[in-house]
Structure formats: C-alpha cells, structure tokens
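The values are calculated or read from the model by the stated rules, or taken from the named source; none is laboratory data. Quantities reported herein were computed from a predicted structural model and do not represent experimental measurements. Positions of Cβ are backbone-derived with ideal geometry, glycine not excepted, and every protein chain shown enters the neighbour counts.
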C-alpha cells in the first residue's frame with residue numbers, strides 16, 4: 001500500500017464517520033469533528049489496517065488536548081510525533097493548500113459560496129491523484145515505510 005493509498009483509506013473512513021455523525025450517507029453541511037470523533041476515527045483506521053499507527057500531528061487544538069493525550073497514552077498501537085509549533089515545511093497539508101491556492105491569485109469570486117465550491121473542487125481532484133499526494137509527503141523529507149527497517 002502506497003502512502004497515498006493509506007491516506008485515501010483514512011479519508012474514506014473519515015467520510016464514513018462524518019456521514020454517520022450527520023445521520024446521512026453524505027452530509028449536506030460541514031460538520032466539525034469533536035475529540036471523540038478523532039478517537040473513533042483512529043480506532044476505525046487501526047481496525048481497518050490491522051497495524052500500529054504513527055501519526056505526525058500539527059498543533060491543532062484537538063491534537064494537543066488532555067483527552068487526546070490520555071487516549072494516545074492508553075493505546076499502545078498508537079504513536080504520535082508532534083510537529084514543532086511552526087513548521088510548515090514538515091506538514092504535508094501545507095503542500096496541499098499551496099497546490100489548491102496556486103492559480104487562484106487573480107480569482108475574483110462572486111461570493112464565499114463560489115470560493116468554497118472552487119476550493120472543494122480542487123481538493124476533490126487532488127484526492128484522486130495519488131502521485132501528487134505522495135509528492136506532498138515527499139516534499140517534507142519525511143519517510144513513510146510500510147515495514148519497519
């Protein structure tokens with residue numbers, strides 16, 4: 001399984017979880033996942049992959065909360081590597097956002113809804129480009145191995 005395939009699998013599990021939260025197969029409005037949702041997502045990914053998880057996390061509030069720290073400490077199959085406070089060069093998500101924003105510099109959207117639609121469309125098209133997703137991870141210099149050395 002390539003890193004991009006694993007990332008897509010996590011994304012699909014997340015969408016399934018969000019759909020369950022919304023009470024529909026495809027939620028029509030944005031749902032902000034709670035800390036408990038993140039914990040359920042991690043358990044679902046672990047169950048699906050049947051393997052230990054290593055997470056590289058930024059400093060999102062949910063990632064550094066006491067509840068999440070306790071959850072990580074209580075699950076030996078879960079290892080978290082915390083990124084420094086400001087390290088965009090180590091965060092693959094920054095590459096995603098840079099790619100999405102590229103070419104939008106001269107965009108004059110008619111409103112926030114149009115802008116949100118364009119961003120969603122670009123994120124969706126990125127999702128189906130595994131080589132591009134791998135490139136975002138590679139750009140950080142982080143190495144993802146499927147088997148321990």
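Exactly one condition in (1) within 27 Å of residue 143 (Cβ to Cβ); (2) touching a helix residue (DSSP H, G or I) at 6+ places or on another chain (Cβ under 7 Å); (3) surrounded by fewer than 17 Cβ atoms within 10 Å (Cβ to Cβ); (4) at pLDDT below 80 is not met by residue 31; state its number.
Going through (1) within 27 Å of residue 143 (Cβ to Cβ); (2) touching a helix residue (DSSP H, G or I) at 6+ places or on another chain (Cβ under 7 Å); (3) surrounded by fewer than 17 Cβ atoms within 10 Å (Cβ to Cβ); (4) at pLDDT below 80 one by one, residue 31 breaks only (1).
Scan the range 52-62 residue by residue and report those that are part of a strand (DSSP E or B) and in contact with a helix residue (DSSP H, G or I) (Cβ under 7 Å, 6 or more places away or on another chain).
53, 57
Among what's in the range 129-145 and is loosely packed, with under 10 Cβ neighbours inside 10 Å and assigned to a loop (DSSP other than H, G, I, E, B), pick the residue that is modelled with the lowest pLDDT. Reasoning before the result, please.
Just the residues of the range 129-145 that are loosely packed, with under 10 Cβ neighbours inside 10 Å, to begin with: 131, 141, 143, 145.
Subset that is assigned to a loop (DSSP other than H, G, I, E, B): 141, 143, 145.
Working: 141: 83, 143: 70, 145: 62.
Filtering first and then ranking leaves 145.
Residue-by-condition table, conditions (1) in a loop (DSSP other than H, G, I, E, B); (2) touching a residue at least 40 places away in the same chain (Cβ under 8 Å); (3) loosely packed, with under 12 Cβ neighbours inside 10 Å; (4) within 15 Å of the chain's Cα centre (by Cα):
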{"residue": "80", "(1), (2), (3), (4)": "no, no, no, yes"}
{"residue": "84", "(1), (2), (3), (4)": "yes, no, yes, no"}
{"residue": "97", "(1), (2), (3), (4)": "no, no, no, yes"}
{"residue": "103", "(1), (2), (3), (4)": "yes, no, yes, no"}
{"residue": "110", "(1), (2), (3), (4)": "yes, no, yes, no"}
{"residue": "118", "(1), (2), (3), (4)": "no, no, no, no"}
{"residue": "126", "(1), (2), (3), (4)": "no, no, no, yes"}
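Looking at the range 47-66, which of the residues that are surrounded by 13 or more Cβ atoms within 10 Å (Cβ to Cβ) and over 20 Å from residue 137 (Cβ atoms) is modelled with the lowest pLDDT?
62
Within the range 63-73, is even one residue in contact (Cβ under 8 Å) with a residue 24 or more places away in the chain and assigned to a loop (DSSP other than H, G, I, E, B)?
Checked the range 63-73: at least one residue is in contact (Cβ under 8 Å) with a residue 24 or more places away in the chain and assigned to a loop (DSSP other than H, G, I, E, B).
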